[in-house]
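Read through the structure below, which is laid out as structure tokens, and then see the notes.
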Amino acid sequence: MSRSPTDRSSWTRRAGFILAAVGSAVGLGNVWRFPFQAGQEGGAVFVLLYLCFVLLIGVPAMLVEFTVGRRTGRGPVGALAEFGGGAWRYLGGLFILIGFLILSYYSVVAGWVLRYVVGSVTGGYAGQSETYFLDIATGFDALAFHAIFMALTVAIVALGVRRGIELAVTVMVPAVVFVVLALVVYAWTLPDAGVAYEYYLSPDFSLLASDWRSIVPAAAGQAFFSLSIGMGVMITFASYLDEERNLLVDTGIIVAIDTAVAFLTGLFVFPILFTAGVGPADPGPGAIFVALAGAFADIPAGSVVGVVFFGMFAIAALSSAISIMEVVVSFGIDEFGAVRRRTAAVTGVAMFLLGTPVALLSSQRQPIFVTLYDTLAAQILLVSGGIVLMILVAWIGADRAMAELRRGIHSPGILPRVWIWLVRIPVIVVLLVTLALAVGDYWSFLTGDFADFLGL
Ligand code: PHE
């Protein structure tokens, strides 16, 4: 275990930590994945369940990651080894693996976003938003923009947390909030806004009765994915902290911003989708792009709005991608004494290759592959990572975790104890049930759609 003081940088400003955590949380998960999942899983019922998961599981889980990270000053692998000893260290490998898998396809989707920034400038998608998406989402274009996005991520991670992440996020957060609010107002004026709000906001509980086996893991997976928990991102960020700050307050701020951005995104995406005549139940990974581009082509100064929207969306994706790569790279630095720049480059190439099939498949087959990667990552792996952490912290390292939470909270009272007990039983039980459902659901995907895809 060697840690070079120059390679393991710490936060320059007080706000740096919050900004980075928000930057990690807000990304494709809010603008692309959330509406895509909500559309597929029944609309408002999914949204309601997702909100419950965010509050009841997301908040305690994020606190688990923060306390472990700050306590140990190490990334997930080192933190697990230190908190649990011996064999827990190997479980840490899971987190590194998740990072590889997520960033590999995340970068393909983020590449589409970059492509749309260019398309907004050149007017490429005007009047043909559907064919445009089909054109750029696979093949050479997709691969090229996947490469560009990955290269940007590597470049920022190679520079170290200080200079890269903080600057990007300082610009991004206000921009996202502003653009999203403007779009919500615009969408409100659309002809089918009423039906869309109904779908998005008024839960049809009969769906829960019939489809809970897929809605529950989808909502939990979305909560984990969107909050960047379950793979050690928040452990890693908190490991750069040394001050006595109130982690509960920080968690509240991060969760509130992330959830607000997702919720507001739904408020504008669904009216646009409904008005464009895209069925909510079957939006596919490209629907958000098609519908948004269609809307931008339709409104006054649309290309400016398009550039601003896709531009901020790209930055949001980049700050999330950075956080994922940071986990992998700091693992190399902490555990093997690797050099930051070289590790970032090698990691980027490996992730790029893993994502290549997603970029290269034909457009009919691509959605299957997105599901193959994405469902495994969010519903199975992130939830598993979460379970590992919760068990370790709440059952084995509870005293240390509670002591760490108390540091920085003025009068914590019974709060740490309530938190630990919440994690010990209800959170872990719900996550285990979720995982079982997710595995069942994924298995039927593998033996159904995916087997068909392979021609079995
Ligand atoms: N939370 C990010 C998003 O919403 C994605 C992410 C997942 C980042 C897991 C880090 C870890 O886009």
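The values are calculated or read from the model by the stated rules, or taken from the named source; none is laboratory data. Nothing here was measured: the structure is a model prediction, and the numbers come from that model. Because the Cβ atoms are built from the backbone with ideal geometry, glycine has one as well, and the counts that use them run over all protein chains shown. For accessibility, only protein heavy atoms count, side chains too; no ligands or nucleic acids. Shrake-Rupley method; radii C 1.70, N 1.55, O 1.52, S 1.80 Å.
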Counting pairs of alpha carbon atoms under 8 Å apart in space and at least six apart in sequence, what relative contact order in percent does the stretch 14-454 give?
35
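Mind checking the full-extension length gain between Arg365 and Leu51? Use 0.36 nm per residue of separation minus the Cα-Cα distance, one decimal, nm. Can you show the working numbers first?
Details: separation 314, 0.36 × 314 = 113.04 nm, distance 3.15 nm.
Separation in residues times 0.36 nm, less the Cα-Cα distance, equals 109.9 nm.
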Under the 7 Å Cα-to-Cβ spin-label approximation, Asn246 and Ala260 lie apart by a distance in nanometres of 1.7
Order of 386-397, 167-178 by packing, highest average Cβ count within 10 Å first?
386-397, 167-178
Order of exposure, largest accessible area first, which applies to Phe83, Phe445 with probe 1.4 Å:
Phe445, Phe83
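Could you rank the peptides 18-27, 31-40 by their average count of other C-beta atoms within 10 Å per residue, with the highest value first?
Values: 18-27: 27.1, 31-40: 24.3.
Ranking, from highest mean packing down: 18-27, 31-40.
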Counting only Cα, what are the radius of gyration and maximum Cα-Cα distance Dmax of the chain, in Å?
20.9, 62
Run the Debye formula on the Cα coordinates of the stretch 25-121, all scatterers equal and no solvent, and tell me log10 I(q)/I(0) at q = 0.14, 0.16, 0.24 1/Å.
-0.79, -0.94, -1.18
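With a probe of 1.4 Å, find how much accessible area the stretch 194-252 has per residue, and write the answer as a whole number in Å². Before the final figure, lay out the partial values.
On the way: 2040 Å² over 59 residues.
Value for the stretch 194-252: 35 Å² per residue.
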The local net charge around Leu51, scoring Lys/Arg +1 and Asp/Glu -1 for residues other than Leu51 whose Cβ lies under 14 Å from its Cβ, equals -2
Cβ-Cβ FRET estimate between Asp399 and Phe450, R0 fixed at 51 Å, reported to 0.05
0.70
Given a Förster distance of 25 Å, report the FRET efficiency between Ala15 and Thr189 from their Cβ-Cβ distance, rounded to the nearest 0.05.
0.10
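Could you give the length gained on full extension between Leu207 and His410, defined as 0.36 nm per residue of separation minus the Cα-Cα distance, in nm? Walk me through the intermediate numbers first.
Details: separation 203, 0.36 × 203 = 73.08 nm, distance 4.46 nm.
The Leu207-His410 span can extend by a further 68.6 nm.
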